Each structure stands twice: as C-alpha cells, then as structure tokens.
Amino acid sequence: MKIFAHVEPGAPAVEMEVEHPELAGAEVLVRVTNSGVCHSDVHCQDGYFDLGDAGHYELTAAGAQYPVVLGHEIVGEVVAAGPDATVQPGDTKFIVFPWIGCGECQACREDRENYCSGAKRNLSVQRRGGYAEEVHVPDERYLVPLGDIDPSFGATLACSGLTSYSAVQKITPLPADQPVAVIGAGGVGLMTVAVLKALGHENIVAVDMSEAALENAAGVGASATVQVGGENLVQDIVEAGGGKFAAAIDLVNNGDTSTAALFAMANGGTLVSVGLFGGQYRFPTALTAFNLLNIRGNFVGSLPELKELVQLAQDVDLPRPPIREVPLTADEVNTALDGLRNRNLNGRAVLVSS
Ligand SMILES: [Zn+2]
Ligand SMILES: [Zn+2]
C-alpha cells in the first residue's frame, strides 16, 4: 500500500510502498477516502514543538520514528478486519479516532486517552497516519460511524473539530451573552466559533491577524471580530466583547496572545490554552490570584467527546469553514502543508481519494 511519508524532520512527503499489515484481534485496515490537513502536522513535519524558553520538544521524544506518516483527520472504509472484529469490510464510512493511548494507564481505562501517560499510539505520531492509501487502526472501537455527514467535513471533526469541542467543554456551561474570545481563526478557531454558536452562545469575539480569516469567523457565527495590529490588543478585545471576558480559547497560544487574553479576563474567567505556536505566559502571578483566574490546557479530546461531537454534527447543521478538496497525493500533502505554514491557505484542505 502507498504511504506519503516524511523520511526525516523538515523533509517533504514522498510516496513509498509498504506491506499490508497482518491484522490481529480487533484491528482493522481502513482505506482512506478523506484526510484533513491540520496545522499540527506542520509542527510534526518540522520534527519538533516550540516550548518557548524550555527549548524544543522533539517528535522522536514523543515516540515517533521516521519515516513518519502524518494526517490524523481520517475518514474511510474498512477493507480488512482482524479475527475478533465485528465490523465487516464494506462501503460504510467511519471517522477514525486518532488519539489512541496505551490502553492500560488510569486515563486510558477512564476513556480519556488524550490524557494518556503511557506509550501512546496516536495515529500520525507514534503510528502511521492518514496521508496514505490505507491506515492500520489498532481496534475497531476507534471507528465512529460517519452517518450522513459530508465526509470531508467529517474528517475535520477528528482533530480540529474534536479539539474545539473539548476546549468548549472546559468553559461551558456559560450564560449566552457572556463574552468569549476565540483567538486565532484558522481551522480549529473556526470550528470553535461554530461549536460555540451551535451550543447557543451569542457573544463570540474572534481575534486574528488576517482579515480573510475574520470574515470566515463572522460567517460561522462570531458576533464581533478584532484584527490584531492595533495599538492595544487587550482594549480592542474588551471593547468588542462589551466588557472583560468570561473565557478565552487561545488557538495561537504564544506569549503575546496568552498574555493579552489573561489581561482581558474578568474575575473568575477561564483561559483555555490550545495552540502550539510556542512562547511563555507573561502575567503577574498575583493577578491570577486576585482575579481568581483559571488556566487550562487542552490537547485534542477523548473518544467519548468525538462521539458527542459527531452526534452534534448530525443533529444540527454545524456552520463549516471553507473546505478545499484536493487529490490524495504526496504533492498535494506538501502543497497543503506549505499553505498552512505560510498562512496562505484560506479555510481547510482535505485530501480525497475516489
Ligand atoms: Zn490536528
Ligand atoms: Zn494510556
């Protein structure tokens, strides 16, 4: 089977041929029909995450081995199943939950595999991901039926959608008129705005550097937008929300955005730090105490949360960001990753195989 792999940090994806896996237990082999290109793949292509003053977190330290196959927003059909699997090969489409843990630690036993502290099996990091003809999934339990959701949109639910949904769970319930900032209106930011809107939230302020991104955010439900670049970002955000913020979800999460969000926060407010752009919090620790602030991290989401999100997407017509479908080839993987890196990709790219 073909995989589109990066042979070393920084290298472009190249097409390679690998053997089909032998399937044991309830393992399944899924033919990839739709594979979303997510910004975290850009960091994975670089081979590290920026930890600000603490240096770099290398992908290999997380257990990745080159060549790596990125892509964790996967929709596809089962083409082969292990002896214990109940799912039959066929043309039913599934969303693949990619954030698979060790299966043994406390978090995994509680179905919070994104909190796993053991040997993770995340597709696209420790195991091969969805920039490939087929993906080997370690258990059929990680397949969530797509239903009548559009498959390219459904693919984006596995990471940007799930991350958004999980982040929103950390600030809700919240009165609908309380100001919430969504910082960064790329793929995850747009989904965050869309999920907040779908859950009935009314005061959503989107913040970004790009006018096009802010137009997208307004299109999916932001009630106000703030373009970064004015003299006083904190003041601009607070004015747009009509007061200090009950919560902020920071999809950029660098030193500037996290600091601005904390200064814009009302007493008791919650900052959810999501983005991986690197940097340091620069905020008086005493104000965290005086203002009773909460700072919470969010990394993707759990399998139960993905199921809830897929149900939500079936129940309501979630506003969706612009999606550009391109063929599933190594060239298109590279073009999409470059587009995200250079910030000239508007909305989402999804690789599609017919
Ligand atoms: Zn992702
Ligand atoms: Zn675990």
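The values are calculated or read from the model by the stated rules, or taken from the named source; none is laboratory data. Fair warning: this is a prediction, and the values are worked out from it, not measured in the lab. Don't worry about glycine lacking a Cβ; one is built from the backbone with ideal geometry, like all the others, and counts go over all protein chains shown. Just so you know, the surface numbers come from the protein's heavy atoms only, side chains and all, with ligands and any DNA or RNA stripped out. Shrake-Rupley method; radii C 1.70, N 1.55, O 1.52, S 1.80 Å.
For the range 315-329, check the following and say yes or no: at least one residue is in a loop (DSSP other than H, G, I, E, B), closer than 14 Å to V188 by Cβ and not assigned by TED's automatic domain parsing to the domain that holds E134.
no
Tell me, yes or no, whether the range 77-93 has at least one residue that is touching a strand residue (DSSP E or B) at 6+ places or on another chain (Cβ under 6 Å), in the same structural domain as Y142 (by TED's automatic domain parsing), under 28 Å from K307 (Cα atoms) and within 16 Å of ligand 1 (Cβ to nearest atom).
No, the range 77-93 contains no residue that is touching a strand residue (DSSP E or B) at 6+ places or on another chain (Cβ under 6 Å), in the same structural domain as Y142 (by TED's automatic domain parsing), under 28 Å from K307 (Cα atoms) and within 16 Å of ligand 1 (Cβ to nearest atom).
Find the residue count for the range 151-184, including only residues that are away from ligand 1 (no atom under 16 Å from the Cβ), within 18 Å of the chain's Cα centre (by Cα) and outside any strand (DSSP E or B).
5
With respect to F277, determine if the residue is surrounded by 19 or more Cβ atoms within 10 Å (Cβ to Cβ), of a type in the set (F, W, Y) and part of a loop (DSSP other than H, G, I, E, B).
Here the answer is yes, as F277 does meet what is asked.
Does the range 62-69 contain any residue that is in the same structural domain as R141 (by TED's automatic domain parsing), modelled with pLDDT of 95 or more and hydrophobic (A, V, I, L, M, F, W, C)?
Scanning the range 62-69, I find at least one residue that is in the same structural domain as R141 (by TED's automatic domain parsing), modelled with pLDDT of 95 or more and hydrophobic (A, V, I, L, M, F, W, C), so the answer is yes.
Look at the range 18-65 and say how many of its residues are closer than 30 Å to F153 by Cβ, among the hydroxyl-bearing types (S, T, Y) and assigned to a helix (DSSP H, G or I).
1
To keep it simple, each residue is scored yes or no on (1) touching a Leu at 6+ places or on another chain (Cβ under 9 Å); (2) under 21 Å from N342 (Cα atoms).
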residue: L157; (1), (2): yes, no
residue: G161; (1), (2): yes, no
residue: D177; (1), (2): no, no
residue: L214; (1), (2): no, yes
residue: A218; (1), (2): no, no
residue: L251; (1), (2): no, yes
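Condition check: crowded, with 17+ Cβ neighbours inside 10 Å, touching a Gly at 6+ places or on another chain (Cβ under 9 Å) and either at pLDDT 90 or above or in a helix (DSSP H, G or I) (or both). Does A85 satisfy that?
Here the answer is yes, as A85 does meet what is asked.
If I go through the range 112-125 residue by residue, how many of them are open to solvent by less than 50 Å² (accessible area, probe 1.4 Å) and either out of contact with any strand residue (DSSP E or B) (no Cβ under 8 Å at 6 or more places or on another chain) or more than 17 Å from Q65 (Cα to Cα) (or both)?
So the answer is 5.
Residues checked against (1) over 22 Å from V300 (Cβ atoms); (2) buried (at least 18 other Cβ atoms within 10 Å of the Cβ):
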site: V168; (1), (2): no, yes
site: A181; (1), (2): no, yes
site: N203; (1), (2): yes, yes
site: E231; (1), (2): yes, no
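What residue, of L51, L70, is of a type in the set (A, V, I, L, M, F, W, C) and touching a Leu at 6+ places or on another chain (Cβ under 9 Å)?
That would be L70, the only listed residue that is of a type in the set (A, V, I, L, M, F, W, C) and touching a Leu at 6+ places or on another chain (Cβ under 9 Å).
Which one is nearest to ligand 2 (Cβ to nearest atom), of the residues in the range 93-108 that are open to solvent by 10 Å² or more (accessible area, probe 1.4 Å) and part of a strand (DSSP E or B)?
F94
Provide a single number: the residues in the range 126-141 that are open to solvent by 10 Å² or more (accessible area, probe 1.4 Å) and either free of Cβ contacts under 8 Å to residues at least 60 places away in the same chain or within 16 Å of ligand 1 (Cβ to nearest atom) (or both).
So the answer is 3.
On the given criteria, is G90 open to solvent by 30 Å² or more (accessible area, probe 1.4 Å), over 24 Å from G161 (Cα atoms), part of a loop (DSSP other than H, G, I, E, B) and out of contact with any helix residue (DSSP H, G or I) (no Cβ under 7 Å at 6 or more places or on another chain)?
For G90, the condition - open to solvent by 30 Å² or more (accessible area, probe 1.4 Å), over 24 Å from G161 (Cα atoms), part of a loop (DSSP other than H, G, I, E, B) and out of contact with any helix residue (DSSP H, G or I) (no Cβ under 7 Å at 6 or more places or on another chain) - is met.
With respect to the numbered conditions (1) outside any strand (DSSP E or B); (2) open to solvent by less than 20 Å² (accessible area, probe 1.4 Å), which one is the sole condition not fulfilled by L271?
It is condition (1) that L271 fails.
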